[in-house]
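Below: one structure, written as structure tokens.
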Amino acid sequence: MVEATTAGGVSDGRWSGVTRSWDVAGLGFVRLDESEYRETGGSITLVKEWLNSEVNGHPATLKTMRSDDGATLVSISWVTESTDFRLDLQPVHVDAVEANQQTLLKLARSLGG
């Protein structure tokens, strides 16, 4: 693990979110953002047209973005009854779009939730 930081708001002395990051050999830089949106009284609205995947039965959005200079970000986000998740990958092999997406999806599904 490279870093773990608190995020979101504080409720009953607890932070509602956490961000963790790892540098995974052969894969790239991975960051997981979790937010307990119910803890702070929040709600989530999903846009049906953006949903193109699923994580453990929860609708998800999986996408790959690339800047003009080639910087690549693979991202999957999903929401459970209480938690909003976003898992990002800055891949080592930027041209392996499908493989990077499938690896990130497998990682997301292994997290549970």
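The values are calculated or read from the model by the stated rules, or taken from the named source; none is laboratory data. Computed from a predicted structure; not experimentally measured. Neighbour counts are summed over all protein chains in view; Cβ atoms, including those assigned to glycine, are modelled from backbone coordinates with ideal geometry. The accessibility values were calculated without ligands, DNA or RNA, using every heavy atom of the protein model including side chains. Shrake-Rupley method; radii C 1.70, N 1.55, O 1.52, S 1.80 Å.
Among the residues of the range 36-75, write down those that are touching a Ser or Thr at 6+ places or on another chain (Cβ under 6 Å) and small (Gly, Ala, Ser).
Ala60
Tell me which residues, restricted to the range 59-96, are out of contact with any helix residue (DSSP H, G or I) (no Cβ under 6 Å at 6 or more places or on another chain), β-branched (Val, Ile, Thr) and either modelled with pLDDT of 95 or more or under 23 Å from Ile44 (Cα atoms) (or both).
Thr72, Val79, Thr80, Thr83, Val92 - these are the residues of the range 59-96 that are out of contact with any helix residue (DSSP H, G or I) (no Cβ under 6 Å at 6 or more places or on another chain), β-branched (Val, Ile, Thr) and either modelled with pLDDT of 95 or more or under 23 Å from Ile44 (Cα atoms) (or both).
I'd like to know if the range 25-34 contains one or more residues that are assigned to a strand (DSSP E or B), of a type in the set (Gly, Ala, Ser) and within 13 Å of the chain's Cα centre (by Cα).
No, every residue in the range 25-34 fails to be assigned to a strand (DSSP E or B), of a type in the set (Gly, Ala, Ser) and within 13 Å of the chain's Cα centre (by Cα).
Quick one: which of Leu111, Leu104 is open to solvent by less than 30 Å² (accessible area, probe 1.4 Å), of a type in the set (A, V, I, L, M) and closer than 25 Å to Met1 by Cβ?
Numbers: Leu111 fails: open to solvent by less than 30 Å² (accessible area, probe 1.4 Å).
It is Leu104.
Which members of the range 30-45 meet the condition of being open to solvent by 70 Å² or more (accessible area, probe 1.4 Å) and at pLDDT 90 or above?
Selection gives Arg31 alone.
If you go through the range 83-90 one residue at a time, do you hit one that is loosely packed, with under 15 Cβ neighbours inside 10 Å, of a type in the set (S, T, N, Q) and closer than 21 Å to Thr5 by Cβ?
Pass one, the range 83-90, residues loosely packed, with under 15 Cβ neighbours inside 10 Å: none.
Among the residues of the range 83-90, not one is loosely packed, with under 15 Cβ neighbours inside 10 Å, of a type in the set (S, T, N, Q) and closer than 21 Å to Thr5 by Cβ, which makes the answer no.
For the range 50-101, what are the residues that are under 16 Å from the mean Cα position of the chain (by Cα), farther than 22 Å from Glu36 by Cα and assigned to a strand (DSSP E or B)?
Within the range 50-101, Lys63, Thr64, Met65, Thr72, Leu73, Val74, Gln90, Pro91 qualify.
Can you name the condition, by its number, that Trp15 falls short on among (1) modelled with pLDDT of 95 or more; (2) open to solvent by 70 Å² or more (accessible area, probe 1.4 Å); (3) among the aromatic types (Phe, Trp, Tyr)?
The single condition Trp15 does not satisfy is (1).
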